[in-house]
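> Quick one: this structure, given as structure tokens, is what I'll be asking you about.
Derivation of every value follows stated rules applied to the coordinates shown; laboratory data play no part. Fair warning: this is a prediction, and the values are worked out from it, not measured in the lab. Here the Cβ is made from the backbone with ideal geometry for all residues, glycine too, and neighbour counts use every protein chain on show.
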Amino acid sequence: MRFVDEYRDDRIARALLEDIGRIVTRPWTLMEVCGGQTHTLIRQGIDELLPAQVELVHGPGCPVCVTPLALIDEAIQVAKCPDAILCSFGDMLRVPGSSEDLFMARAAGGDVRVVYSPLDALEVARRNPDKTVVFFAVGFETTAPANAMAVKQARQLGIDNFALLVAHVLVPPAIMAILVSPGNRVQGFLAPGHVCAIEGWRDYEPIARDFGVPIVVTGFEPVDLLEGIRMAVAQLEEGRADVENQYVRAVVRDGNAAARAVVAEVFEPCDRAWRGIGVIPNSGLRLREAYRAHDAELRFPHEGTPASESEVCIAGEVLRGRRKPHECPAFSTLCTPESPLGAPMVSSEGACAAYFLAGRRREEVSA
Amino acid sequence: MCLGVPGKVIDVYDEDGIRMGVVDFGGITRKACLAYAPEVDLGSWVVIHVGFAISVVDEEEARRSYELLAEMGNLEDIDLPQSPEGVRAEDYRPAPRRAGERDR
Amino acid sequence: MSGAAGERATDFVLRCPVPLPPGATVLLGHGSGGKLTQGLIRDVFVPILADAGSELARLGDAAVVEAGGQRLAFTTDAFVVTPAFFPGSNIGELAVNGTVNDLAMMGATPLFLSAALILEEGLPLEDLGLVVTAMARACERAGVALVTGDTKVVERGSADGLFVITSGVGLVPEGVQIGPERARPGDRILVSGPVASHGVAVMSRRAGIGFEGALASDTQPLTDLVRAMMAAGDVRVLRDATRGGLASVLNELAEASGVSMLADEAAIPVLPPVRAACEMLGLDPLYVANEGVCVAIVAADDAEAALAAARATPAGSDAALVGEVVEGPPRVGLRTGLGTTRPLIMLAGDQLPRIC
């Protein structure tokens with residue numbers, strides 16, 4: 001596959017690893033934000049191949065992991081309504097809610113359908129006019145334009161039986177929350193390439209400047225990640241703190257204006273609770289007044305209160321890069337992908353699942 | 001977050017007032033919304049995420065930066081994967097659906 | 001629970017020797033070929049139906065039993081694929097080839113098949129005709145005779161169109177000893193063709209996924225391929241890589257033989273459009289279902305010859321040697337191009353397409 005395979009070239013990857021080894025002179029801690037980047041790094045064992053001085057901690061860039069428990073419960077509640085069809089991306093199906101997950105809701109007779117695109121969900125609404133079709137709108141800034149278009153089209157075409165259960169989250173507030181938290185060790189970031197394809201990187205410039213951290217917009221293949229790490233390490237070694245772009249084939253500074261325009265028309269920022277982390281102000285999106293008729297939470301009011309999370313689960317610490325999955329007491333014992341205590345173990349993008357699937361062992365860590 | 005896959009646009013059409021396309025990912029094709037890539041046309045490369053083109057691939061930038069990487073890796077010649085030659089725009093026809101295939 | 005059904009359920013619980021968690025239900029994952037399936041077989045079926053040392057407990061693709069001085073291979077398989085028609089084939093052809101291959105995986109010559117059809121009320125007769133015609137053609141191609149059958153009709157909503165169950169019987173030639181427990185350290189691992197083609201072809205027709213292109217199921221009889229490899233050398237294990245994919249099969253075989261296995265990621269063949277489809281959906285091709293692909297574990301000295309023999313047959317033209325069996329506890333490792341090795345574990349249930 002063009003623009004993919006060549007960024008998996010082992011010879012280039014090895015050369016980049018050597019180069020990083022050559023330029024690094026002291027320990028640095030970097031965070032890759034996106035779950036997709038975590039996935040590649042762990043699967044390919046890149047984090048173990050890097051020189052010991054370069055430590056990678058994993059960020060909260062897994063929308064499946066950070067979707068609040070209350071919204072999962074709401075999705076399950078909708079799925080169980082006989083007059084509703086819940087459409088969702090595949091990876092949401094096994095995320096544990098308070099007492100079950102969407103997979104179990106389907107086994108119990110709920111109409112839950114996996115779709116690839118929000119436009120497919122809109123099509124389901126068109127074909128099932130007697131039901132309300134709810135699309136579980138999870139994702140970062142990358143996915144918001146697609147969901148916005150689905151709602152806009154619903155309005156345009158008069159498809160009134162289509163609603164969104166909005167769970168969107170935004171990256172820059174999360175990065176800021178990590179940088180201001182006491183005990184933060186992150187000194188540089190690999191910014192999520194596809195979020196930046198939409199947003200550009202202007203929003204990161206004040207962050208880099210004010211916090212003195214280099215930020216490199218990075219892609220998702222092994223060569224992309226190693227090149228991004230190399231650029232970040234070079235900046236750190238040289239005492240710079242700029243925003244740079246590794247993912248030049250897909251990202252420009254101003255991002256995608258057409259996409260952002262439709263998002264701004266349909267959504268507005270709001271406070272959002274991140275599962276495991278807590279409320280981060282202005283870190284989410286909700287439907288604007290003009291589009292509220294398509295808000296699933298208004299059509300299917302919440303019933304019940306979410307259960308409290310497992311006391312053993314340290315998802316919040318993992319998502320903020322404070323602890324590694326294999327440092328968790330429950331890792332691979334009480335908590336596995338088959339019986340997850342928290343979301344990062346069940347999403348294939350979650351750091352805990354990535355470590356588990358890569359066979360990382362439990363590690364005792366002194367405080 | 002953000003499984004985005006590059007593909008080549010081999011058909012462009014209008015559906016319900018929005019610009020759609022058919023994108024070839026190296027032998028398989030799927031329709032995608034091109035509303036967020038208004039400048040693309042047949043032959044353009046785009047990055048597709050959940051059925052939408054979110055970005056246009058800058059082929060020139062890609063080539064330039066890849067040449068530097070290839071040099072670093074001591075690659076004698078850059079062995080770039082072939083563009084999907086299999087499906088040409090003028091040959092593209094949607095596969096006939098079987099009658100009675102259920103929407104499930 | 002009250003009523004006749006409730007009584008039956010209580011009877012079962014009282015008499016069943018296996019402690020089943022109350023209220024537990026069957027999940028889709030139990031049919032995925034991964035850990036849940038294994039658990040159901042190991043914890044429910046085998047203890048109730050058989051003894052530890054029995055042929056059933058051996059869990060081969062087919063049972064090898066003796067009768068009248070001959071060794072027979074005997075197998076059964078149920079086909080519930082949705083949609084019933086997908087690029088390259090339909091459920092009928094699958095049902096014949098699947099059972100033929102289960103027999104071939106024990107080194108047997110497949111001879112006779114039975115077919116039971118469960119039809120949903122409302123199924124167009126034209127569709128039924130197409131499925132049965134496909135079955136007839138597949139039998140001819142595989143050199144087997146369909147000699148008996150049964151038909152049932154269930155109410156609308158109970159069968160997703162149609163289900164096909166085939167059983168098959170074949171003869172195991174004198175001296176042939178092929179079984180899942182026979183892999184030894186030093187043996188080489190061969191894959192007969194590109195993986196993930198079938199699962200991706202089926203998925204492409206599911207509503208909501210919808211991609212098109214050069215995708216087709218790989219369903220085909222593997223009898224000739226197996227015969228050619230067996231003639232070339234010591235083939236010790238055969239298993240067709242159906243649901244759960246190549247990764248699940250390697251894990252099952254490692255478990256059955258009590259060995260470790262190492263495979264090279266780069267050596268495993270995948271057709272370019274299939275790879276592209278997996279990229280788009282975020283699927284790992286190693287866990288996607290196949291139909292006309294098998295794993296053969298071959299004595300090291302015969303590996304190259306077996307490979308050449310496989311490649312000389314139509315079904316094995318893309319065969320590849322992908323790894324080796326080594327000493328160690330039952331587990332499978334995958335070597336990446338960068339030189340790291342990661343475990344190829346058994347998944348619990350089905351892989352789901354991801355967005356991220």
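> Once you sort the root eigenvalues of the Cα gyration tensor of segment A:77-197 as a ≥ b ≥ c, which label holds: rounded (a/c under 1.5), prolate (a/b larger than b/c) or oblate (the other case)?
Cα axes put segment A:77-197 in the oblate bin.
> Could you tell me which residue out of A:Tyr7, A:Gly188, A:Ala354 lies farthest along the dipole of the protein assembly as shown toward its positive end? Charges go on the beta carbon: Lys and Arg +1, Asp and Glu -1, centred on the Cα centre.
Checked the options; the winner is A:Ala354.
> Starting from the Cα gyration tensor of segment C:203-301, take the square roots of the eigenvalues, sort them a ≥ b ≥ c, and report rounded, prolate or oblate (rounded when a/c is under 1.5, otherwise prolate if a/b is larger than b/c, else oblate).
The shape class here is prolate.
> Round to the nearest 10 and give me the degree value, 0 to 90, for the angle of helix A:118-127's Cα axis relative to the longest principal axis of chain A.
10 degrees
> Place +1 on the Cβ of every Lys and Arg and -1 on the Cβ of every Asp and Glu in chain A, take the dipole about the Cα centre, and give the residue among A:Val262, A:Thr25, A:Gln53 whose Cα lies farthest towards its positive end.
Of the options given, the answer is A:Val262.
> Now, a different point. For C:268-276, what's the mean count of beta carbons from other chains sitting within 10 Å of each residue's beta carbon?
What the average comes to for C:268-276 is 5.
> In peptide A:250-260, what is the residue-averaged number of other protein chain Cβ atoms found within 10 Å of each Cβ?
Across A:250-260, the average partner-chain Cβ count within 10 Å equals 4.
> Rg/Rh for segment A:210-326 to two decimals, with Rh computed the Kirkwood way over all alpha-carbon pairs.
Ratio value, two decimals: 1.06.
> Okay, moving on. Among all cysteines in chain A, which have no other cysteine Cβ under 4.7 Å from their own Cβ?
Cys with no partner Cβ under 4.7 Å: A:Cys34, A:Cys81, A:Cys87, A:Cys196, A:Cys270, A:Cys313, A:Cys328, A:Cys335, A:Cys352.
> Taking Cα centroids, how far is segment A:127-181 from segment B:1-32 in Å?
21 Å
> Next question, about the same structure. Using only the alpha-carbon atoms, how far is helix A:10-23 inclined from the longest principal axis of chain A? Give it as 0 to 90 degrees, nearest 10.
Between the helix axis and the principal axis of chain A, the angle is about 60 degrees.
> Could you size up the charge dipole of segment B:1-81 around its Cα centre, putting +1 on the beta carbon of Lys and Arg and -1 on that of Asp and Glu, and report it in debye to the nearest 20?
So the magnitude is around 380 debye.
> Let me ask something else about it. Would you work out the charge dipole size for chain A about its Cα centre, treating the Cβ of every Lys and Arg as +1 and the Cβ of every Asp and Glu as -1, and quote it to the nearest 20 debye?
160 debye
> Which angle from 0 to 90°, rounded to the nearest 10, does the C-alpha axis of helix A:222-238 make with the longest principal axis of chain A?
50 degrees
> Over the Cα atoms of segment B:5-78, Rg to Rh with Kirkwood Rh, two decimal places?
Ratio of gyration radius to Kirkwood radius: 1.10.
> Rg (Å, one decimal) plus Dmax (Å, integer) for the alpha carbons of segment A:315-357?
Values for segment A:315-357 (Cα only, Rg and Dmax): 8.8, 25 Å.
> Would you work out if the protein assembly as shown is rounded, prolate or oblate? Take a ≥ b ≥ c from the square roots of the eigenvalues of the alpha-carbon gyration tensor; rounded if a/c is under 1.5, else prolate when a/b is larger than b/c, oblate otherwise.
Prolate shape, in that a/c is at least 1.5 and a/b is the bigger ratio.
> Highest GNM mean-square fluctuation, chain A, Cα pairs closer than 10 Å: which of A:Pro27, A:Pro325, A:Pro63?
So, out of A:Pro27, A:Pro325, A:Pro63, the one fluctuating most is A:Pro27.
> What does the structure give for B:52-65 when I average, per residue, the other chain Cβ atoms found within 10 Å of the residue Cβ?
Shielding by partners across B:52-65 averages 6.
> For segment C:30-104, calculate the relative contact order in percent as a whole number, restricting contacts to Cα pairs under 8 Å that are 6 or more residues apart.
19 percent
> Now for a different question. Rg to Rh ratio, segment C:142-290, alpha-carbon atoms and Kirkwood radius?
1.01
> Would you work out which of C:Gly129, C:Gln38, C:Leu103 lies farthest towards the positive end of the dipole of chain C, given +1 charges on the beta-carbon of Lys and Arg and -1 on that of Asp and Glu, about the Cα centre?
Working it through, the farthest residue towards the positive pole turns out to be C:Gln38.
> For segment A:315-357, what relative contact order do you get, as a whole percent, if you take Cα pairs closer than 8 Å and at least 6 residues apart?
That works out to 32 percent.
> Tell me the relative contact order for segment A:152-257 as a rounded percent, counting alpha carbon contacts under 8 Å between residues six or more apart.
Over segment A:152-257, the number comes to 30 percent.
> Mind putting a number on the dipole of the protein assembly as shown about its Cα centre? Charges go on the C-beta only, +1 for Lys and Arg and -1 for Asp and Glu, and I need it in Debye to the nearest 20.
Charge dipole, the protein assembly as shown, about its Cα centre: 1060 debye, nearest 20.
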